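Student: Pasting in a structure now, in structure tokens, and then I'll have a few things to ask.
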Amino acid sequence: MSEIEFGSSLYKLYHSAVKLEADSLKESKSCSDLTVNELNLIECIRSLSKGTSGPTISAIAKELDITRPSTTVAVNKLVSKKMVTKSDCASDGRSVRVKLSAKGEKAYAAHHAYQGALLKEARERFTEKEFREISDSITKLMQFFADKEEEL
């Protein structure tokens with residue numbers, strides 16, 4: 001595979017995964033009114049949540065590598081869809097904490113279940129050794145891109 005074919009394959013793989021995810025959202029009762037980006041934001045909020053306190057807008061922006069104003073707009077859309085709640089930060093009155101609502105937790109759980117089922121189906125197409133090699137290669141590729149980002 002040439003470098004151009006490799007790059008093209010990565011591009012196609014990414015867009016196929018996003019399209020598949022978007023199509024699955026349309027069929028999910030818990031996620032049908034969400035975009036892929038909104039679902040990714042829900043996943044980010046869930047992963048950054050610690051105990052009873054949700055992450056700040058700044059922490060979410062940093063994690064997703066987007067601006068604070070863009071993060072605020074995206075979070076406000078999720079508030080309007082009743083997927084998250086916002087509250088003032090007790091330790092810093094200027095900050096806002098974001099938490100998943102019960103509806104947001106349902107959307108997260110539905111998406112997590114979908115991803116698990118998709119992974120299970122993908123695993124059935126490979127031997128255990130092949131799957132481990134693919135997994136190791138993806139990990140190395142992700143590290144490569146993370147290293148390249150740090151160089152910028």
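The values are calculated or read from the model by the stated rules, or taken from the named source; none is laboratory data. Quick caveat, the model's predicted, so the values are computed rather than measured. As a convention, Cβ positions derive from the backbone with ideal geometry for all residues, glycine included, and neighbour counts pool all protein chains shown.
Student: Which condition does Arg46 not pass, out of (1) out of contact with any strand residue (DSSP E or B) (no Cβ under 7 Å at 6 or more places or on another chain); (2) basic (Lys, Arg); (3) touching a residue at least 40 places away in the same chain (Cβ under 8 Å), if it passes all the others?
Tutor: (1)
Student: Further question on the same structure: Would you confirm whether or not segment 96-109 contains a residue that is touching an Asp or Glu at 6+ places or on another chain (Cβ under 7 Å), within 27 Å of Leu141 (Cα to Cα) and touching a residue at least 40 places away in the same chain (Cβ under 8 Å)?
Tutor: Checked against the condition, which is being touching an Asp or Glu at 6+ places or on another chain (Cβ under 7 Å), within 27 Å of Leu141 (Cα to Cα) and touching a residue at least 40 places away in the same chain (Cβ under 8 Å), segment 96-109 yields at least one hit.
Student: Of all residues in segment 47-72 being of a type in the set (D, E, K, R) and not in a helix (DSSP H, G or I), which is farthest from Leu152 (Cα to Cα)?
Tutor: Filtering segment 47-72 for residues that are of a type in the set (D, E, K, R) and not in a helix (DSSP H, G or I), the one farthest from Leu152 (Cα to Cα) comes out as Lys50.
Results for (1) part of a helix (DSSP H, G or I); (2) modelled with pLDDT of 95 or more, shown as yes or no for each residue.
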{"residue": "Ala74", "(1), (2)": "yes, yes"}
{"residue": "Leu78", "(1), (2)": "yes, yes"}
{"residue": "Ala90", "(1), (2)": "no, no"}
{"residue": "Ala110", "(1), (2)": "yes, no"}
{"residue": "Gly116", "(1), (2)": "yes, no"}
{"residue": "Glu130", "(1), (2)": "yes, yes"}
{"residue": "Ile138", "(1), (2)": "yes, no"}
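Student: I need the full set of residues from segment 26-43 which are surrounded by 11 or more Cβ atoms within 10 Å (Cβ to Cβ) and touching a residue at least 60 places away in the same chain (Cβ under 8 Å), in order please.
Tutor: Scanning segment 26-43 gives Ser28, Ser30, Cys31, Leu34, Leu39, Ile42, Glu43.
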